[in-house]
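Below is one structure; the comments refer to it alone.
The values are calculated or read from the model by the stated rules, or taken from the named source; none is laboratory data. These figures come from a predicted structure and were not determined experimentally. Heads up, the Cβs are rebuilt from the backbone with ideal geometry, glycines too, and the neighbour counts pull from every protein chain shown.
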Amino acid sequence: MIDINVTGGKLPQEEIDYYIECAHTKYPEKHLRGIDLEIDGDFVNAKYHFSDVPFQRIRRITGYLVGTLDRFNNAKRAEEKARVKHGLQ
């Protein structure tokens, strides 16, 4: 569900749909949460609001870039457990 806020006048649904499509085209990797459309005479100022995208931490462990160890076999899990972890002083 996308929250649409129109201030300063009224817009036809076709124009609102156009602004939604523009957001999806310009920012395809983001999830659109809402749009503020402010009518200023002949101009429309659009402010897009996007949802936060969760991310997974990726580490290099034993030569592999991984997020979790769930796909490692027992040998790789043992190698990870035995590695020296360096910290900051």
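Pairs please, first residue from region 8-22 and closer than 17 Å to Phe50 by Cα, second anywhere and part of a loop (DSSP other than H, G, I, E, B) and modelled with pLDDT under 95, Cβ atoms under 8 Å, 6+ apart in sequence or on different chains.
Ile20/Ile2
Being free of Cβ contacts under 8 Å to residues at least 24 places away in the same chain, closer than 30 Å to Arg33 by Cα and among the small types (Gly, Ala, Ser) is the requirement here; does Gly63 meet it?
Numbers: free of Cβ contacts under 8 Å to residues at least 24 places away in the same chain: yes; closer than 30 Å to Arg33 by Cα: no; among the small types (Gly, Ala, Ser): yes.
No, not satisfied.
Could you check how many residues of region 66-89 are of a type in the set (A, V, I, L, M, F, W, C) and either surrounded by 10 or more Cβ atoms within 10 Å (Cβ to Cβ) or within 30 Å of Ile35 (Cα to Cα) (or both)? Explain how you work it out, then say what you get.
The initial filter retains those residues of region 66-89 that are of a type in the set (A, V, I, L, M, F, W, C), namely 66, 69, 72, 75, 78, 82, 84, 88.
Then keep just the ones that are either surrounded by 10 or more Cβ atoms within 10 Å (Cβ to Cβ) or within 30 Å of Ile35 (Cα to Cα) (or both); that gives 66, 69, 72, 78.
Of the residues in region 66-89, 4 are of a type in the set (A, V, I, L, M, F, W, C) and either surrounded by 10 or more Cβ atoms within 10 Å (Cβ to Cβ) or within 30 Å of Ile35 (Cα to Cα) (or both).
So Ile35 passes all but one of these: (1) surrounded by fewer than 11 Cβ atoms within 10 Å (Cβ to Cβ); (2) assigned to a strand (DSSP E or B). Which condition number does it fail?
Failed condition: (1).
Counting only residues that are of a type in the set (A, V, I, L, M, F, W, C), part of a loop (DSSP other than H, G, I, E, B) and within 22 Å of the chain's Cα centre (by Cα), how many does region 1-32 have?
2
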